[in-house]
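S.K.: If you scroll down you'll find the structure; I have some questions about it.
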Amino acid sequence: MVMATTESTKSLASVTLEVADPESARHFYTSFGVDAHIVLRASEAQSTGFRGFTLALTVSGPATVDGFLGAAVNAGATVLKPAAKSLWGYGGVVQAPDGTIWKVATSAKKDTGPDTREIDEIVLLLGVEDVKASRQFYVGRGLTVARSFGGKYAEFASGDAGPVKLALYKRRGLAKDLGVTAEGTGSHRVVLGGTAGAFTDPDGFAWEPAPSRTPAPAPSA
């Protein structure tokens, strides 16, 4: 069921990746083509194994999938799943040098045009132990469910707050989809900025107030 978004709906407004070397990470993400959609912050927090999340890009066709994945690999990413056709379309998975896992996919199985290097949608997928419980937790924080499939998946309305949608997926299922083991300890190495204030969710994902986007004053005549 799709629910209408209202002005008071709380939502994800920014995604901050915590990295050991911000300058190197900035170079990678600029080459990858997603630097405008994330924030980078220096951190030495310990993290091992699966960090429990991925950022997923949806694009128009296989050529664009290959373009983004090729750019990522050329900039130093590791291939976790080579691009291939599947029941749902075509896609692949890479891991950035800072450890963040990225999935690039399209619902199209055949190219209808060249690589556009354009992103149709970005989704931050959090791997959680209990989708229903986490969904209810976020509803309690003022987020609105846009789509939900029982205890397997939930997606929240994004409104106009930011370029990235928020979704929940079973942690083990997400790890399997990405081609990694589900085990992991330490920091998630990601901080979510939102309009619902500061809190930590049941799976340890930290939220902070998103910086206000105050329009610049109009130049005087």
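S.K.: What pairs from LYS81/LYS152; LYS152/LYS176; LYS81/LYS132; LYS103/LYS170; LYS10/LYS165 go past 18 Å between their alpha carbons?
M.R.: Pairs exceeding 18 Å: LYS81/LYS152; LYS81/LYS132.
S.K.: Counting only helical runs of four or more DSSP H residues, what would the 222 nm mean residue ellipticity of the chain come to if each run contributes -39,500 (n - 2.57) and the total is spread over all its residues?
M.R.: That calculation yields -5500 deg cm²/dmol at 222 nm.
S.K.: What is the log10 of I(q)/I(0) for the stretch 108-208, computed with the Debye formula using one identical point scatterer on each Cα and no solvent, at q = 0.15, 0.16, 0.20 Å⁻¹?
M.R.: -0.69, -0.77, -1.10
S.K.: Karplus couplings for the stretch 26-40 from phi (6.51 cos²θ - 1.76 cosθ + 1.60, θ = phi - 60°), rounded to Hz, Gly and Pro as x?
M.R.: Values per residue, Gly and Pro as x: 4, 5, 4, 5, 5, 5, 5, x, 10, 4, 6, 9, 9, 10, 10 Hz.
S.K.: I want the antiparallel fraction of DSSP beta bridges within the stretch 12-203, as a percent rounded to 5.
M.R.: The antiparallel proportion sits near 70 percent.
S.K.: For SER47, what charge total do you get from the other residues with a beta carbon under 13 Å from its beta carbon, if Lys and Arg give +1 and Asp and Glu give -1?
M.R.: -2
S.K.: Once phi is turned into θ = phi - 60°, what whole-Hz ³J(HN,Hα) does the Karplus curve with 6.51, -1.76 and 1.60 give for every residue of the stretch 186-199, x standing for Gly and Pro?
M.R.: x, 5, 6, 6, 9, 10, 9, x, x, 9, 9, x, 9, 6
S.K.: Rg and Dmax of the chain, Cα atoms, in Å?
M.R.: 17.4, 60
S.K.: Viscosity 1.306 mPa s, temperature 10 °C: what is the translational diffusion coefficient of the stretch 1-132 from Stokes-Einstein with a Kirkwood Rh over Cα pairs, rounded to a whole number of µm²/s?
M.R.: The estimated diffusion coefficient comes to 99 µm²/s.
S.K.: Quick check on the exposure proxy: order VAL65, VAL190 from fewest to most C-beta atoms within 10 angstrom.
M.R.: Arranged by neighbour count, lowest to highest, VAL65, VAL190 become VAL190, VAL65.
S.K.: Sort 45-54, 197-206 by the packing proxy (mean of other Cβ within 10 Å over each peptide's residues), most packed first.
M.R.: Going from most to least packed, we get 45-54, 197-206.
S.K.: Same structure again: Please find the FRET efficiency linking TRP88 to ALA45, where r is the Cβ-Cβ separation and R0 is fixed at 35 Å, and quote it to the nearest 0.05.
M.R.: So, using R0 = 35 Å, E works out to roughly 0.55.
Every read-out reported here was derived from the displayed coordinates using simple, explicitly stated rules and does not represent laboratory data. For clarity, every value in this text was computed on a predicted model and none was experimentally measured. All Cβ positions, even for glycine, are placed from backbone atoms using ideal geometry, and neighbour counts span all protein chains on display.
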